[in-house]
Amino acid sequence: MKKIIQSVKGTRDFYPEQMAIRIWLYNTMREVAESFGYQEYEAPILETLELYAAKSGEELVKDQSYAFTDRGGTEITLRPELTPSLARMIAQKQKELNFPVRWWSFGPMWRYERPQKGRTREFFQWNVDMLGVATPEADAENAAVLATFFQRVGLSPQQVLILVNNRRLIDDRYDAFDISAEQRPAVSSWIDRREKMSPEAWMAYGKEIGLSPEQITNLKEMLADKDLWKQSVDLMRFFAVIDVLGLREYFAFDASIMRGLLYYTGTVFEAWEVGGEIRRSILGGGRYDNLTRDVGGEPIPGTGFAMGDVVITLILEKYGLLPKDLNINPAPVFVTVFDEERMLESFRLASELRRAGLNVICYPEAVKLQKQFKYADRIGAKVTLVLGPDEVEKGQVAVKSLISGEQVSVAREALVAQIRKIIG
RNA sequence: GUGCCUGUAGCUCAACGGCAGAGCGCUUCCCUGUGGAGGAAGAUGUUGUGGGUUCGAAACCCAUCAGGCACCCCA
């Protein structure tokens with residue numbers, strides 16, 4: 001084979017088979033989001049680097065962004081996440097929007113990272129956000145969209161769990177343990193890493209970042225305390241709503257959930273596969289009350305989550321929950337061409353059927369019928385039509401069902417009805 | 001950005017440093033007006049790419065590209 005120009009590293013081609021899955025995912029997300037009254041929006045894929053400088057986290061901006069200078073000298077980046085764009089859009093119209101706004105989006109993001117299982121450089125992300133209200137009830141209702149999505153696709157609480165924490169709750173603990181403001185990012189990162197390190201290495205690392213033995217003991221006790229959330233009014237109210245929505249099984253408190261993004265201010269959450277075979281969070285979200293201010297607007301509180309298409313697809317695949325009956329052939333009706341002489345008659349017939357509201361393919365070359373039938377079978381057509389000398393003479397069309405194999409000849413006037421009978 | 005593993009026909013994979021193969025798929029025919037099942041015959045290829053070692057490289061070495069796994073980070 002000739003050398004074919006390579007695609008860009010970390011990108012995926014969506015052939016019709018994969019596109020069908022993406023569209024299915026998109027439709028499911030849309031239905032769930034709309035059932036909670038969320039409206040769809042979209043932001044540009046290109047944004048100024050400045051937009052992310054404030055709060056997205058140093059690594060995301062410095063090392064993982066697709067950044068370049070455009071012809072006008074502006075520093076541009078392919079969006080690595082959507083929330084800052086959303087904050088910008090909200091801030092721009094802060095005087096005219098009817099708060100709270102509920103918005104959702106599904107589009108491509110870019111991060112310059114090393115691709116591996118569950119991670120690509122271009123990925124699609126479902127973003128669901130509510131802005132304008134700072135209540136824990138808003139957090140809970142927003143997170144409920146997510147749990148409802150899990151329900152809808154058939155993922156059970158035994159398979160996926162949404163782990164919830166609250167940054168203010170943890171900050172109170174940090175205060176109590178005399179952990180300084182400067183130390184806190186390192187401590188959060190230390191907690192985040194607990195599952196990935198041996199207990200000994202983890203303890204040693206704790207000392208390394210300057211924690212006293214007493215502080216380490218306190219923090220370990222904090223992480224072990226399953227009822228810690230009851231000390232947080234926010235989380236009490238959050239779980240109360242989740243309870244009445246009948247979604248409690250999907251949620252669990254976990255004091256080790258920290259979230260890397262700097263802009264989170266309150267309740268935060270991540271979803272994980274329970275078995276833990278796919279060691280990667282499925283999504284992340286939480287409350288961010290300062291983001292519109294950080295992009296130059298009035299402070300408008302917000303809460304939301306983002307889910308990438310790559311990991312959720314892996315999870316759905318693992319549990320056999322991807323739809324298997326996705327028919328990627330949109331045209332169930334196939335018109336064969338008998339020979340050169342009758343080719344135009346076939347095209348005319350196909351056109352008539354399309355005007356009658358059917359999706360129709362006509363073979364564009366006068367080759368052997370055997371080849372045309374084989375092709376029709378392969379692409380998943382349901383019914384095949386033949387316009388041969390016999391049929392034309394009688395004013396009929398031969399109609400063969402590729403499902404049952406039965407074939408009948410019917411008058412042109414009865415054709416559409418006959419086809420509809422077969423394709424259902 | 002770091003470490004490790006992998007790359008052979010369209011696909012899944014074999015081949016001790018010594019003639020590049022199998023299964024599936026594909027093409028043609030059995031069947032001059034009909035798909036799926038069956039039978040027969042046929043074609044698969046710059047062994048990811050570029051160098052090197054060797055009488056001889058798919059295999060060994062170096063570089064590079066791509067994929068995977070673990071870090072880092074995160075959707």
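The values are calculated or read from the model by the stated rules, or taken from the named source; none is laboratory data. As the structure is a prediction and not an experimental result, all values here were calculated from the model. All Cβ positions, glycine included, derive from the backbone under ideal geometry; neighbour counts span all protein chains shown. These accessible areas exclude ligands, DNA and RNA; they are computed on the full protein's heavy atoms, side chains included. Shrake-Rupley method; radii C 1.70, N 1.55, O 1.52, S 1.80 Å.
The set of residues in the stretch A:143-158 that are under 19 Å from A:Y26 (Cβ atoms) and of a type outside the set (G, A, S) comprises A:V145, A:L146, A:T148, A:F149, A:F150, A:Q151, A:R152, A:V153, A:L155. If you check A:Q158 against the conditions, is it of a type outside the set (K, R), open to solvent by 70 Å² or more (accessible area, probe 1.4 Å) and more than 16 Å from RNA strand B (Cβ to nearest atom)? Here the answer is yes, as A:Q158 does meet what is asked. Listed here are the helices (runs of 4 or more DSSP H) enclosed by the stretch A:175-234 that have at least 2 residues being among the aromatic types (F, W, Y): A:199-208. Here the helices (runs of 4 or more DSSP H) wholly within the stretch A:333-424 that include at least 2 residues being within 11 Å of RNA strand B (Cβ to nearest atom) are A:369-379, A:389-394. Select, from A:Q151, A:Q116, the only residue that is within 15 Å of RNA strand B (Cβ to nearest atom), open to solvent by 10 Å² or more (accessible area, probe 1.4 Å), among the polar types (S, T, N, Q) and within 26 Å of the chain's Cα centre (by Cα). The match here is A:Q116. For the stretch A:122-133, the count of residues that are buried (at least 20 other Cβ atoms within 10 Å of the Cβ), more than 18 Å from A:V311 (Cβ to Cβ), touching a residue at least 24 places away in the same chain (Cβ under 8 Å) and within 16 Å of RNA strand B (Cβ to nearest atom) is at least one. The residue list A:F123, A:F106 contains one member that is within 24 Å of A:E34 (Cα to Cα) and at pLDDT below 95, which is A:F123. Among the residues of the stretch A:46-66, which ones are aliphatic (A, V, I, L, M), modelled with pLDDT of 75 or more and crowded, with 17+ Cβ neighbours inside 10 Å? Within the stretch A:46-66, A:L51 is the sole residue that qualifies. For the stretch A:30-39, which positions are surrounded by 13 or more Cβ atoms within 10 Å (Cβ to Cβ) and either in contact (Cβ under 8 Å) with a residue 60 or more places away in the chain or touching an Asp or Glu at 6+ places or on another chain (Cβ under 7 Å) (or both)? Passing the criteria: A:R30, A:V32, A:A33, A:F36, A:Y38. Screening the stretch A:324-340 for residues that are over 27 Å from A:G388 (Cβ atoms) and in contact (Cβ under 8 Å) with a residue 12 or more places away in the chain and picking the one that is surrounded by the fewest Cβ atoms within 10 Å (Cβ to Cβ) gives A:N327.
Against the conditions (1) closer than 18 Å to A:R259 by Cβ; (2) open to solvent by 30 Å² or more (accessible area, probe 1.4 Å); (3) more than 14 Å from RNA strand B (Cβ to nearest atom), A:A138 satisfies every one except (2).
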